[in-house]
1. Please report, largest first and rounded to whole Å, the three semi-axes of the ellipsoid equivalent to the range A:136-187, where each semi-axis is the square root of five times an eigenvalue of the C-alpha gyration tensor.
2. Which lysines does A:K192 reach when only Cα atoms under 22 Å apart count, and residues fewer than 8 places away in its own chain are ignored?
3. For the range B:81-257, report the convex hull volume of the alpha-carbon atoms normalised per residue, in Å³, without decimals.
4. Pick out which of A:A128, A:A43, A:A210 has the largest mean-square fluctuation in a Gaussian network model of chain A, springs linking Cα atoms closer than 10 Å.
5. First select every other residue whose beta carbon is under 10 angstrom from the beta carbon of A:L76; then total the charges, Lys and Arg +1, Asp and Glu -1.
6. Can you compute the helix-only [θ] at 222 nm over chain B? Use -39500 (n - 2.57) per DSSP H run of at least 4 residues, normalise by all residues, nearest 500 deg cm²/dmol.
7. Sort B:M298, A:M112 so that the residue with the fewest other Cβ atoms within 10 Å of its own Cβ comes first and the one with the most comes last.
8. Viscosity 0.692 mPa s, temperature 37 °C: give me the Stokes-Einstein translational D for chain A in µm²/s, with Rh taken as the Kirkwood radius over C-alpha pairs.
Amino acid sequence: MSVPVIQLDDFRKTYITGEVEVKAVRGVTLSIQPGEFVAIMGASGSGKSTMMNTLGCLDRPTSGRFLLDGVNVGELDRDELADLRNRKIGFVFQGFNLLARTSAAENVELPMLYSRPPIPSSEQRERAMASLSLVGLAERSDHTPSQLSGGQQQRVAIARGLVNQPKLLLADEPTGNLDSRTSIEIMGIFQKLNEQGITIVMVTHELDIARYCRRVVVMRDGLVRSDEAVKDRFLAGEELAKLDAEQKAVQLT
Amino acid sequence: MFAVLRIALRALRRNILRSFLTMLGIIVGIASVIVGVSMGTGAKADVDKRIASMGQNLLVVMSGNMSRGGARGGFGSTPNISPGDYDALRREVAGVVGASPEVRANAQIAAGNQNTFVQVSGVSADYADVRSWEFKSGGNFSDADVRNANKVCLIGATTAKTLFGENIDPVGQIVRVKNAPISIVGWLSPKGVNSFGQDQDDIVLMPYTSVMKRLSGDTMFRSLNIQVEGPNVISDVQTNIYELLRQRHKIQPGRDDDFMVRNQQEMSDFFNANNRVMTILIGFFAGISLVVGGIGIMNIMLVSVTERTREIGIRLAVGARGRDVLLQFLTEAVLLSAAGGALGIGTGYWLAPLLTKYFEFPTLISNSSVIMAFTVSAIIGIVFGFFPALKAARLDPIDALRFE
Ligand SMILES: Nc1ncnc2c1ncn2[C@@H]1O[C@H](COP(=O)(O)OP(=O)(O)OP(=O)(O)O)[C@@H](O)[C@H]1O
Ligand SMILES: [Mg+2]
């Protein structure tokens, strides 16, 4: 078997705010292979975001081990973590987290500004455009976030996550604020990327969104409760066609 | 690097009014540095020009000794250089090509029904050469005129104009000083107004013997003007004059001189000493306003870091290192202060000539002061921008992203 992209061994995360200790994650062991497409589900406060932040190298475990692509992240310093985020990980946040008053193209270029060795600006623009067309937004490249719909903003965020050709795409509730049609479109993009070999881990609350993935991990109170493959997987293309048909039917009556 | 500049520029443009107000402190500080230094430089250039315009390779022997009687002693002390000292000096000191005492008297002088109150300088026949006076008409009086205390004079352009009218050659005319008829033998070419507003051409030059006898009644000279052969003998001549006069004034070894011999460099240093004090004072106040300006920048950068915490979080999340963020905010601060510096320099260029125009204060903006001002403003950006930038760079990515 190849090296897992993600290897968590008894991962724990405890937040200490003043007197109170919050054990957000209380011992998770999990391994995700290259090319997997995993949904993480669970009630609010079950530790999903906490885990995603660690997987995204934004944070370090309180205890336990996290190997990303075979590298022990807990042993790295701030700069090394930043480089890992830049090269290996695309992160799509729940709140999009785009730079305001900055065009879509420039938002997508952002990670490349911090690439080492530096990328020439012409290549940056090219790759940003390629990434935007991948999510179907090439023609909106000069629009700022405030001029884009929620779904479009989410797609810009995905394009930004993809622009450095990461091994791993992490998405925290990527469809949280979107209507069902846009959600399916986003899942379609993810499925396409996954078929190209990118490993995807995403958090979702919605069962039917999870069915677009290949594997579902359910968390409760900072622990993994179940971890199984998806049966009856949805394919975004088919679901969209069905939705179109339904909508047509509604309109016809 | 280019990208960093672009980002910084954009961030500053977004708050253009705020950026400008922040720069104001630096603008004021740098403008006052530029103007202050230009006043010092201008005054110095003016002094140097006046000293150079006295002539070349000059020495001045003065009665009294400043290092003994306090700063003013040199000018206030009684004249103690005798005609004998003067003669001995001309006879015995090698390298002297011209020498002239200068005794001054203010006198009413009349010609026809015109009269004017003017400074009459008693000088030797060398004086016109030593001080590079040229003649518009007529010529110098002679050594014989000096020996005999003849009633002759040279007249400055302004005085001539007052007494005889514009462009009328006064040579051969008679003026009356204290009722004595004095004949004009030379008409001096104008030297113009010096920068203290003093008209150098409102003057009458007479043999010093005549002035001492008829006008001032002095028997001693306050000062001597001496011209030497060339720049390389100046210090030798200076030493020889010291020795000669110490001997003639019977000054015991170890006692202070009762006279001074100054070359032009020393005179310029003396007059510029006051300028230097002024320049230092202005520099001090400008420095204070620069510090205040720097604190303003620090304040605004701190506000900016707080406002843009989320942006910082996003940059960190996509892989910016701490030092990338540090560099970005530092660039912004330096850009702010350097732009303030540039505007301040511009303001200085605009203000300095106005100062000359309305207050007749000589100013001169030197390249080195501009370069220095600009460098200082950039350094202020680095110094005062560093703390806010460091604060930004040390943010935790998750905390920053969560920040509302
Ligand atoms: N920075 C923090 N400081 C203190 N406690 C925190 C912090 N971040 C998260 N927590 C706590 O850790 C627990 C898990 O939070 P987490 O955000 O991982 O939940 P979640 O599963 O993502 O929930 P949701 O579905 O609502 O996003 C919660 O009880 C939360 O209050
Ligand atoms: Mg969450």
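1. With the √(5λ) rule applied to the range A:136-187, the semi-axes are 17, 16, 9 Å.
2. Of all the lysines, those that pass the test against A:K192 - Cα under 22 Å, at least 8 places apart if same chain - are A:K88, A:K167, A:K231, A:K242.
3. Looking at the range B:81-257, the number lands at 131 Å³ per residue.
4. So, out of A:A128, A:A43, A:A210, the one fluctuating most is A:A43.
5. After counting each charged neighbour, the total is -3.
6. -18500 deg cm²/dmol
7. By the 10 Å Cβ count, ascending, the order reads B:M298, A:M112.
8. Calculated translational D: 173 µm²/s.
Every number here is computed from the coordinates shown, using simple stated rules; none is lab data. On a predicted model such as this, the values are computed, not experimentally measured, just so you know. Heads up, the Cβs are rebuilt from the backbone with ideal geometry, glycines too, and the neighbour counts pull from every protein chain shown.
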